[in-house]
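S.K.: Structure below; questions to follow.
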Amino acid sequence: MTGKKPYYITTPLYYVNDKPHIGHAYTNILCDTIARFRRFEGRKVFFLTGTDEHGEKVDKTARKEGAETKEFVDRIVPRFKELWQKLGISYDHFIRTTDPYHRESVYALISKLEKQGDIYKGKYSGWYCTPCESFWIDSQLMEGKCPDCRREVSGIQEENYFFKMSKHQSWLIRHIREHPGFIQPEERRKEVLGFLERGLEDLCITRPRSRLSWGIPFPNSAEYVIYVWFDALTNYISAVGYGKDEEKFSQYWPADVHMVGKDIIRHHAVYWTIMLHALGLPQPATIFGHGWWTISGSKVSKSRGNIVDPAEVAKNFGVDTLRYYFLHEVTLGADGAYSESLLVERYNKHLADELGNLLQRVISMLQQYTNGVLPSFDKAGGSTSSIETEAKGLGVRLTTLVNKFRLREAVETIWNLIRVSNRYVDDMKPWAMAKDKAKEKELHFCLMSLAEGLRTIGMALAPFLPETSRSILEHLNITAEPNIKDLDSWWALKPGASVQKPRVLFPKMEMEGQPYG
Ligand code: MSP
């Protein structure tokens, strides 16, 4: 355990206008993998997720359903929690923007900004995109439509409160330039700098209650509620005690990473960073904008009506299959075309034929040739196996990749070890050795090399495919919590220990998946 502060990682807060879809599951699986990896390194972690419950979009949906808004959100929130449980998302805290402690932190933040003279009342005249909950001025519209989602916007003219954002423009440009890892990936960093260089407006942070009553009331001004983004972004500090528990707050803040979809990079990289700067608080180390999952070229989203239910996918193919597909299929930051037939193809080729088959072969051979007991062997007598060579330095390599958010390559690195192990079986032909008593020493060395490889694979997979990892380690009767240090200790398995009967981890699947949506 290092003496460092807990590793603090966040997901966006999801709007509760409907049940979660695979886009939401993607962000949470990414964060879960990183959080698990940090724990695997022995680091204490604070992994935050939750729900964004105010704003026009949620309010409108509740009304359409003829429900009281609070009653409606109370009904939707458990669906998120249930999904995270089904997917094994190891979050440490779930924040709701309707939680009273969150409101107190928002008030502490506003009161500080007001005292500093950073909030003023002014006239707002512009456009509003309800699906994005975003304000736009004339020059920002694209062909009269929302520049983010290209949908219709509505004209608005009203008095509101504003946050003095524009004066921080040059500071932010400098901060981004001086901290290359701050906004990632590079494409998003360029996009944010481009946006900033076009000039910043002050941020309108309220809505007249006459138009929208569902929100946190603006302090000392009962005719207004707080703009949903201003409220929601504050969650990252309210969850760790901002304005209430300074000691706790200083233990957690700043966050190490805010993982967000590329659609909301600007809200985080511009609004949020400036809010923090105005409060005199340190910046998060990284804001990472991941890509979208699309179907037939369109972003998967409720309003486009092309949603895929992650619970169904997990039920039909397994949680780790979905995790594998998400982690392996795209480089973090890029978009991916969601395809169930590709998911099944990967399942059959990589999970069943490569990983599942390796486990099956190694454990069956141990059952058959050494009665399910790890054999004594001569370490010095055998040369270094290709598996040991491939496994060398695995922990360091994985750490380097995860530090750079290169999760796909991290998974590939483990798969290389799986492939090398399978090749080792093919090349060594233990079944032939088993027929020749004179080759017993060789056979035992070969089986132990394979078992060690399997142990290493099982350990290394823990942050990426936790259920699979557990199952592999169970076969070897290992119950200890995996730790990255275990990857450095080749020959950790004890001769004489028994292994379990082989179970099929990934039964082969038919290509025609069932339809979802
Ligand atoms: N409530 C805001 C975020 C506030 S954070 C303080 C919001 N909510 S959202 O529910 O609309 O979307 C949240 C996130 O879901 C997106 O940023 C993204 O992380 C994820 N995704 C939603 N659709 C997605 C895809 N089709 N693909 C990948 N992720 C996407 O924005």
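The values are calculated or read from the model by the stated rules, or taken from the named source; none is laboratory data. Fair warning: this is a prediction, and the values are worked out from it, not measured in the lab. Glycine also receives a Cβ, built like all others from the backbone with ideal geometry; neighbour counts cover every protein chain displayed.
Residue-by-condition table, conditions (1) farther than 17 Å from Ile237 by Cβ; (2) among the polar types (S, T, N, Q); (3) surrounded by fewer than 17 Cβ atoms within 10 Å (Cβ to Cβ):
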position: Lys5; (1), (2), (3): no, no, yes
position: Pro20; (1), (2), (3): yes, no, no
position: Thr27; (1), (2), (3): yes, yes, no
position: Arg36; (1), (2), (3): yes, no, no
position: Asp52; (1), (2), (3): no, no, no
position: Lys60; (1), (2), (3): yes, no, yes
position: Val73; (1), (2), (3): yes, no, no
position: Glu82; (1), (2), (3): yes, no, yes
position: Leu87; (1), (2), (3): yes, no, no
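A quick yes/no check of all residues on (1) in a strand (DSSP E or B); (2) free of Cβ contacts under 8 Å to residues at least 24 places away in the same chain; (3) closer than 18 Å to Leu407 by Cα:
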{"site": "Lys4", "(1), (2), (3)": "no, no, no"}
{"site": "Lys19", "(1), (2), (3)": "no, no, no"}
{"site": "Asn28", "(1), (2), (3)": "no, no, yes"}
{"site": "Gly42", "(1), (2), (3)": "no, no, no"}
{"site": "Thr49", "(1), (2), (3)": "yes, no, no"}
{"site": "Ile95", "(1), (2), (3)": "yes, no, no"}
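S.K.: Which one of Ala391, Ala432, Ala438 is among the small types (Gly, Ala, Ser), surrounded by 13 or more Cβ atoms within 10 Å (Cβ to Cβ) and at negative phi?
M.R.: After ruling out the rest, the residue left standing is Ala391.
S.K.: Check off (1) of a type in the set (Ser, Thr, Tyr); (2) more than 16 Å from the ligand (Cβ to nearest atom); (3) surrounded by 18 or more Cβ atoms within 10 Å (Cβ to Cβ) for Ser250 and give me the number that stays unchecked.
M.R.: Looking at each condition in turn, Ser250 falls short on (3).
S.K.: Looking at the range 63-70, can you tell me whether even one residue there is surrounded by 24 or more Cβ atoms within 10 Å (Cβ to Cβ), in a helix (DSSP H, G or I), away from the ligand (no atom under 16 Å from the Cβ) and modelled with pLDDT of 95 or more?
M.R.: Checked against the condition, which is being surrounded by 24 or more Cβ atoms within 10 Å (Cβ to Cβ), in a helix (DSSP H, G or I), away from the ligand (no atom under 16 Å from the Cβ) and modelled with pLDDT of 95 or more, the range 63-70 yields no hits at all.
S.K.: So, one more: Out of the range 425-448, which residues are part of a helix (DSSP H, G or I), acidic (Asp, Glu) and more than 22 Å from Asn357 (Cβ to Cβ)?
M.R.: Matches in the range 425-448: Glu440, Glu442.
S.K.: Tell me yes or no: at least one residue of the range 209-231 is charged (D, E, K, R), modelled with pLDDT under 95 and part of a helix (DSSP H, G or I).
M.R.: Among the residues of the range 209-231, not one is charged (D, E, K, R), modelled with pLDDT under 95 and part of a helix (DSSP H, G or I), which makes the answer no.
S.K.: Right, something else. When you look at Ala314, is it surrounded by fewer than 16 Cβ atoms within 10 Å (Cβ to Cβ) and under 29 Å from His258 (Cβ atoms), yes or no?
M.R.: The answer is no for Ala314.
S.K.: Separate question: Of all residues in the range 484-506, how many are over 12 Å from Met448 (Cα atoms), in contact (Cβ under 8 Å) with a residue 60 or more places away in the chain, in a loop (DSSP other than H, G, I, E, B) and not aliphatic (A, V, I, L, M)?
M.R.: 4
S.K.: Among the residues of the range 354-380, what is the count of those that are touching a Leu at 6+ places or on another chain (Cβ under 9 Å) and either modelled with pLDDT under 95 or part of a strand (DSSP E or B) (or both)?
M.R.: 2
S.K.: Among the residues of the range 232-245, which ones are in a helix (DSSP H, G or I) and either within 8 Å of the ligand (Cβ to nearest atom) or among the aliphatic types (A, V, I, L, M) (or both)?
M.R.: Ala232, Leu233, Asn235, Tyr236, Ile237
S.K.: Among the residues of the range 1-57, count how many are farther than 18 Å from Ala314 by Cβ, within 11 Å of the ligand (Cβ to nearest atom) and at pLDDT 95 or above.
M.R.: Here the count works out to 11.
S.K.: Out of (1) within 18 Å of His350 (Cβ to Cβ); (2) crowded, with 20+ Cβ neighbours inside 10 Å, what's the single condition that is false for Ser471?
M.R.: (2)
S.K.: Any idea which of Tyr91, Tyr107, Tyr120, Tyr161 is surrounded by fewer than 15 Cβ atoms within 10 Å (Cβ to Cβ) and modelled with pLDDT of 95 or more?
M.R.: Every option except Tyr120 fails the conditions.
S.K.: Please determine, by comparing only the residues of the range 204-224 that are among the β-branched types (Val, Ile, Thr) and either surrounded by 24 or more Cβ atoms within 10 Å (Cβ to Cβ) or closer than 18 Å to Ile274 by Cβ (or both), which one is nearest to the ligand (Cβ to nearest atom).
M.R.: Ile205
S.K.: Of all the residues that make up the range 393-446, how many are more than 22 Å from Arg38 (Cβ to Cβ) and in contact with a helix residue (DSSP H, G or I) (Cβ under 6 Å, 6 or more places away or on another chain)?
M.R.: Residues meeting the conditions: 14.
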